[in-house]
Amino acid sequence: MNKNISIGWIGTGVMGASMVGHLHKAGYKCTVYNRTKAKADQLIGNGVSWADNPSEVAACSDIIFTIVGFPKDVQEVYFGERGILNSAKPGAIVVDMTTTEPSLAIEIYNAAKAKGIQSIDAPVSGGDVGANNAALSIMTGGDKEAFGRVLPLFEIMGKQIVYQGKAGSGQHTKMCNQITIAGTMIGVCEALLYGQKAGLDLSTMLSSISGGAAGCWTLNNLAPRIVDRNFDPGFFVEHFIKDMGIALKEAELMGLSLPGLALVKQLYLAVQAQGHGRMGTHALSLGLEKISGL
């Protein structure tokens, strides 16, 4: 891809800062905005430009990426008074990498198209580890031609980049991802509780089960953090609750019953009520420990 194109980036949090950092290191001119400027200070110190609002980012960028918190944040960033769609240039591409509602991805797509702008929904999986290591899984929806234009940039940030189909398809795929993680997470946390109560050395136990049929990303990356009592976020509990709520809402619209997901969401709400909403998703272990009196 032409290194002379200008990249705009909105959202420099736990994952976003690393992601735009990779693009900057690859030689692209990047302009960023974040609600809390301090979270972009290191990037600015490394030569990334700063803008005072999303509209200013869009006005000087050919491709604009967003990765923020909640659907309301996405709405504000795109449709607000100082939003992207007020100033993005015809021919620009907007790429929302936030995990949000499929219906919102379609709304952005249609509004952008009316202004001569292309839109892609491209949520990611892999947490802070995947973002830091440029090893994210990126699932995309929108026009395939627009996907092809952005693909070289996706390849700088991720390892598994898959075009899923029309607008909203990336977000639907991410819901499948989150449903899987919810079930996996409770299994990993309960296994650790069982191992602790049985008197096993947890690290030794993990070395066995991670090499068998139980092996998975959560077991390899988050179980050791639980053992070390490190609950720093790769992905926030409160954001995961948001994602599970979206998945359950979409399932209801499709007439699906997802009782496993509903149970795990209730457990996470308890974790949040205990004051752990800004911890990593593996803090589910803390809620389960409390139930068992450990």
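The numbers here are math on the coordinates, done by the rules we state, and not lab data. Small disclaimer: the values here were computed from a predicted structure and weren't measured. When we count neighbours, we look across all protein chains shown, and the Cβ atoms used for this are built from the backbone with ideal geometry, even at glycine.
Starting from the Cα-Cα distance between GLU56 and THR36, subtract it from 0.36 nm times their residue separation and give me the gain in nm to one decimal.
5.6 nm
Report, in degrees rounded to the nearest 10, the 0 to 90 angle that the Cα long axis of helix 259-271 makes with the longest principal axis of the chain.
For 259-271 against the chain, the angle is about 90 degrees.
Translational diffusion coefficient, Stokes-Einstein: compute it for the stretch 6-167 using the Kirkwood radius over C-alpha pairs as Rh, at 37 °C and 0.692 mPa s, and state it as an integer in µm² s⁻¹.
The diffusion coefficient I find is 217 µm²/s.
Say each of ARG229 and ALA262 gets a label point 7 Å from the Cα, pointing the same way as Cα to Cβ; how far apart are those two points in nm?
For ARG229 paired with ALA262, the spin-label model returns 3.7 nm.
In whole Å, what is the distance between the alpha-carbon centres of the stretch 1-61 and the stretch 144-219?
Between the Cα centre of the stretch 1-61 and that of the stretch 144-219, the gap is 27 Å.
Relative to the present Cα-Cα distance, how much length would full extension add between LEU253 and ASN221 at 0.36 nm per residue of separation?
The span from LEU253 to ASN221 would gain 8.2 nm if fully extended.
Among ILE64, ILE161, ILE44, rank each residue by its count of other Cβ atoms within 10 Å, from fewest to most, as a rough exposure measure.
The fewest-first ordering by Cβ neighbours comes to ILE44, ILE161, ILE64.
Within straight cross-link reach of LYS29, meaning Cα distance under 24 Å, which lysines are found once same-chain residues fewer than 8 apart are removed?
LYS3, LYS37, LYS39, LYS89, LYS159
Quick one: net charge of SER169's neighbours, Cβ under 12 Å, K/R +1, D/E -1?
+1
What does the charge add up to near GLN274, with Lys and Arg as +1, Asp and Glu as -1, over the other residues with Cβ less than 11 Å from its Cβ?
0
Over all distinct alpha-carbon pairs, what is the Kirkwood Rh of the stretch 144-187 in angstrom?
Evaluated over the stretch 144-187, this radius sits at 12.0 Å.
Largest first and in whole Å, what are the equivalent-ellipsoid semi-axes of the stretch 172-292 based on the Cα gyration tensor, each being the root of 5 times an eigenvalue?
Computed over the stretch 172-292, the values are 25, 16, 13 Å.
How high is the relative contact order of the stretch 144-294? Use alpha-carbon pairs under 8 Å, at least six apart in sequence, and give a whole percent.
That works out to 26 percent.
For the chain, how big is the tail of P(r) above 24 Å, as a whole percent of Cα pairs?
52 percent
In the stretch 172-292, how many lysine pairs have Cα atoms under 27 Å apart, counting only pairs 8 or more places apart or on different chains?
For the stretch 172-292, qualifying lysine pairs total 9.
Between the stretch 228-294 and the stretch 76-104, what is the C-alpha centre distance in whole Å?
28 Å
Show that you can apply the helix-only estimate: for the chain, add -39,500 (n - 2.57) for every DSSP H stretch of four or more residues, divide by all residues, and state [θ] at 222 nm to the nearest 500.
Mean residue ellipticity at 222 nm (helix-derived): -15000 deg cm²/dmol.
Cβ under 10 Å from ILE5's Cβ, ILE5 left aside: what net charge do those residues give with Lys, Arg +1 and Asp, Glu -1?
It works out to a net charge of +2.
Please report the antiparallel percentage of DSSP beta bridges with both residues in the chain, rounded to the nearest 5.
In the chain, approximately 15 percent of DSSP beta bridges are antiparallel ones.
Report, in degrees rounded to the nearest 10, the 0 to 90 angle that the Cα long axis of helix 16-25 makes with the longest principal axis of the chain.
50 degrees
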